[in-house]
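The values are calculated or read from the model by the stated rules, or taken from the named source; none is laboratory data. On a predicted model such as this, the values are computed, not experimentally measured, just so you know. No Cβ is skipped: glycine too gets one built from the backbone with ideal geometry, and neighbour counts run over all protein chains shown.
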Amino acid sequence: MTTADTHKDAGMTKDIIIYVCLLALAGIQFIIAYQDITAYQMFQRMMMVAIVEAGLALFFFMHLSDNRGLRWFVIIFTVAVIFGMQYGWPDSNRLINGVPWAH
Amino acid sequence: MSQADLSIHGQVSRSEATEIMTAPTFSVPAKKMAMWLFIIADSATFAGCLVAYGFIRNATPNWPRPFHGIGNVALMTFILLTSSLTMLVAVRAAQAADKAKAFLWMMITAGAGILFAILHIREWMRMIDEGATLFHNPWGTPLFSSLFFSITGLHLLHVTGGVVALIAVAIRYQGGRYNADDLEITGLYWHFVDLVWMFVVPLIYLLNLSH
C-alpha cells in the first residue's frame, strides 16, 4: 500500500466516524422529541444537538477546519447575521404575554 | 523612476503588489470562494425563514402539533446524511483520478437526493389529503401550513437543484470538461443542503409532534 493509499483510507475512516456521529446525534434529536419536557426545554436541547451536528458537517465534511482564514470569515459573517435576526423575540413574547388580549 | 520600479512604502515592488492583489482570498480558488459566499447568503435566507417561524410559533397560542410519527422524517434524515457520505466518496475518488468510481458515487448521491424528494412529496401529499393547503389547515392557525410548506418547500427546491447540479457536473466530469475541484465545490453545496435539514427537522417536525 502506498502513502497516498494510506492517507486516502485514513481520510475515509474519519469520514465514516463523522457520519456515524451525525447519525447518532440525529437519533438523539428524535429521542428528545419523545421526552416529557416543555416545548422550550425541547427547543433548547434540540438546537444544541443541531449546532454540534452543523459544526461536525462544516468542519469535517466541508473541510472548513483546513483553512483558518476562511473558517473565521464564514463563522463571523454567518453568526453575526443569525444573531442580528434575533431582535424580534421580545416582540414575539410581548404578543403572547404582554398585550391585553394575551392568552 | 519607471513604472516597474514603483513601490509601496518603498518595500514592495509593483510586481509583488500585483501578485498580492490578485492572489486568491484565503488561498481559496475563485469558484470555491463563490460557493462559500453563496452558502453564507443562503444560510441567512434559511435562518430568516426559521427565525420568522420561531417568532410566529412563539406568539401564537395553541400551535398545532399534527405529526403523529417520525418514521418518514427519520428515513429522510438517514437518506440525506448517507448521501453526504456518498458525496465524500465521489470527491475522494475524483481526487485519486478514479473517474468511473467518482461518476458512479455522484450518481448514487443524486439517486439518494431523488429518493429524498419522493419521500418529501409523499409527506406533502399526506398533509394535503388531511386538508392542509398553503392558506388553510384543519388543526387551527393557518400559519402552520403556510410556514410548513414554505420552509420545507424551499429546502426541497434546494435538493432538486442539487440533484440537477450533481447529474450535470457528473456528466461533464465524465466527459473531461470538469475536474475533481468542480466535484468538491458541488459537494460543498450538497453538504450545505444536509446541514440545513439538521435544523429543519427539529424545528418543523419534532417540535410539532403530537404525544
> How many residues, within region B:47-68, are more than 14 Å from B:Asn137 (Cβ to Cβ) and among the aromatic types (Phe, Trp, Tyr)?
Replying inline: 2
> Do we find that B:Asn58 is polar (S, T, N, Q) and at the interface with another protein chain (Cβ under 8 Å from one of its Cβ atoms) in this structure?
Replying inline: yes
> So which residues in region B:36-51 are touching a residue at least 24 places away in the same chain (Cβ under 8 Å) and among the aliphatic types (A, V, I, L, M)?
Replying inline: B:Ile39, B:Leu50
> Among the residues of region A:61-73, which ones are within 7 Å of chain B (Cβ to nearest Cβ) and part of a helix (DSSP H, G or I)?
Replying inline: A:Phe61, A:Gly69, A:Leu70, A:Phe73
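Take region B:70-86 and flag every residue that is at the interface with another protein chain (Cβ under 8 Å from one of its Cβ atoms) and not β-branched (Val, Ile, Thr).
B:Ala74, B:Phe78, B:Leu81, B:Ser84, B:Leu85
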> Can you find even one residue in region A:83-91 that is over 22 Å from B:Pro61 (Cβ atoms), modelled with pLDDT of 90 or more and not small (Gly, Ala, Ser)?
Replying inline: no
> With A:Leu58, A:Leu25 as the choices, which residue is within 20 Å of B:Val89 (Cα to Cα) and either at pLDDT 95 or above or assigned to a helix (DSSP H, G or I) (or both)?
Replying inline: A:Leu58
>> For region A:53-64: of the residues being hydrophobic (A, V, I, L, M, F, W, C) and surrounded by 15 or more Cβ atoms within 10 Å (Cβ to Cβ), which is nearest to the chain's Cα centre (by Cα)?
In response: A:Ala54
>> Looking at region B:62-73, can you tell me whether even one residue there is among the hydrophobic types (A, V, I, L, M, F, W, C), free of Cβ contacts under 8 Å to residues at least 40 places away in the same chain and assigned to a helix (DSSP H, G or I)?
In response: no
> With respect to B:Gly111, is the statement that it is surrounded by fewer than 22 Cβ atoms within 10 Å (Cβ to Cβ), free of Cβ contacts under 8 Å to residues at least 24 places away in the same chain and under 17 Å from the mean Cα position of the chain (by Cα) true?
Replying inline: yes
> Of the residues in region B:128-155, how many are surrounded by fewer than 18 Cβ atoms within 10 Å (Cβ to Cβ) and in contact (Cβ under 8 Å) with a residue 24 or more places away in the chain?
Replying inline: 7
> Is there a residue in region B:3-24 that is within 10 Å of another protein chain (Cβ to nearest Cβ) and either farther than 23 Å from B:Gly161 by Cα or in contact (Cβ under 8 Å) with a residue 40 or more places away in the chain (or both)?
Replying inline: no
>> So, B:Thr86, is that one farther than 22 Å from B:Arg172 by Cβ and touching a residue at least 12 places away in the same chain (Cβ under 8 Å) or not?
In response: no
> So B:Met35 clears everything in (1) among the aliphatic types (A, V, I, L, M); (2) in contact with a Phe, Trp or Tyr (Cβ under 9 Å, 6 or more places away or on another chain); (3) closer than 19 Å to B:His158 by Cα; (4) more than 12 Å from every other protein chain (Cβ to nearest Cβ) except one condition, right? Which one?
Replying inline: (4)
